[in-house]
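Nothing in this text is a laboratory measurement; each read-out follows from the coordinates by a stated rule. Please read these numbers as outputs of a predicted model, since none were measured by experiment. Please note: Cβ atoms are built from the backbone with ideal geometry, for glycine as well, and neighbour counts cover all protein chains shown.
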Amino acid sequence: MRILYLLILSLTFLPLSGDDHDVVKPGGEVGEFHYFDVLNPAAFVGAMDKFHASNCSKIWHSESGAAVALMGITGSGWTHFIYVGYENLDQMEKGRALLQCPEFFELIATLRAVSNEEAYLSQVGDLSLQLRDWTKDAFFMKFDMRVKPGSAAVYAAAWTDYVEASSSQIGGSAGLVSMLGGTGYSSHMAFVGAESMSELVSGLQSSQSGQAYNDFIEAVGDIREIRNQMFVQPLKGYQ
């Protein structure tokens, strides 16, 4: 499912299908999350722009279907993360093989030089569940967490019940990402989206004041640990 591709095309907001409005569905997309504490934002974005203009990048996007989003972070030791999305793991494997080129190596060296390398973190995850199309949202609240081993299915079921019951309060999108690699920091990431920061916060506060949230906390309180909660804003896309 190429939801990120739609975001990268225009970073505009797409209409929703009424049949899917309040139903949590499997996501399907897999991606890499690369977190940075950026010291020189202009040089960081300039390096990404330069690589995107290269022939290596064009071949990579064309043959693997990779789509890239630069996200700004507020409320964390990191300032940005780069999301590299693929349709599935086979396309991710193909994409990584295509990045063995001098232009990509130059990109990596520059990103490291203009950021705090000690703060760098990478993870690989799949969008396990989603409510609505997140490409219509301009801001997100992201929750990084560790779910007790063996309890992922219990957490996913409780999260689905809570999100569907609270969908009218949430207003925007919601999603659950299961981490496949880089799990030393977190095993899962959940997010909620909205068109503005004020709508995002008020929607969360409203959804967390109802019985559905109390039931959710009762179900997952002993099996999850929240590592961090942060605002995320899409800044720029490449495809």
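Name the residue that is surrounded by the most Cβ atoms within 10 Å (Cβ to Cβ), counting only residues in the range 96-132 that are touching a strand residue (DSSP E or B) at 6+ places or on another chain (Cβ under 7 Å) and among the β-branched types (Val, Ile, Thr). Within the range 96-132, the match that is surrounded by the most Cβ atoms within 10 Å (Cβ to Cβ) is Val114. Examine the range 157-180 for a residue that is within 18 Å of the chain's Cα centre (by Cα) and farther than 19 Å from Arg132 by Cα, and state whether such a residue exists. For the range 157-180, residues within 18 Å of the chain's Cα centre (by Cα) and farther than 19 Å from Arg132 by Cα: present. The residue that is surrounded by the most Cβ atoms within 10 Å (Cβ to Cβ), counting only those in the range 211-238 that are out of contact with any Phe, Trp or Tyr (no Cβ under 6 Å at 6 or more places or on another chain) and polar (S, T, N, Q), is Asn228. Any residue at all in the range 121-142 that's touching a Leu at 6+ places or on another chain (Cβ under 9 Å) and free of Cβ contacts under 8 Å to residues at least 60 places away in the same chain? The answer is no; no qualifying residue exists. So, in the range 202-230, of the ones that are out of contact with any helix residue (DSSP H, G or I) (no Cβ under 7 Å at 6 or more places or on another chain) and in contact (Cβ under 8 Å) with a residue 60 or more places away in the chain, which residue ends up nearest to Ala47 (Cα to Cα)? Only one residue fits best here, namely Met230. When Glu195 is tested against (1) out of contact with any Phe, Trp or Tyr (no Cβ under 9 Å at 6 or more places or on another chain); (2) within 30 Å of Tyr120 (Cα to Cα), exactly one condition is not met: (1). Of all residues in the range 71-93, exactly one satisfies the criterion of being surrounded by fewer than 16 Cβ atoms within 10 Å (Cβ to Cβ) and touching a helix residue (DSSP H, G or I) at 6+ places or on another chain (Cβ under 8 Å), namely Gly77. Only residues that are out of contact with any helix residue (DSSP H, G or I) (no Cβ under 8 Å at 6 or more places or on another chain) and either on the phi > 0 side of the Ramachandran plot or of a type outside the set (S, T, N, Q) (or both): list them for the range 158-185, please. Glu164, Val177, Met179, Leu180, Gly181, Gly182, Gly184, Tyr185, listed by residue number.
The residue that is surrounded by the fewest Cβ atoms within 10 Å (Cβ to Cβ), among those in the range 177-200 that are of a type in the set (A, V, I, L, M, F, W, C) and under 21 Å from Ser166 (Cβ atoms), is Met197. Residues that are in a strand (DSSP E or B) and either without any contact (Cβ under 8 Å) to a residue 24 or more places away in the chain or touching a Leu at 6+ places or on another chain (Cβ under 6 Å) (or both) do not occur anywhere in the range 93-107.
Let's see how each residue does on (1) of a type in the set (Ser, Thr, Tyr); (2) under 22 Å from Gly65 (Cβ atoms):
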position: Gly95; (1), (2): no, yes
position: Glu106; (1), (2): no, no
position: Tyr120; (1), (2): yes, no
position: Gln123; (1), (2): no, yes
position: Asp126; (1), (2): no, yes
position: Trp134; (1), (2): no, yes
position: Arg146; (1), (2): no, no
position: Pro149; (1), (2): no, no
position: Ala153; (1), (2): no, no
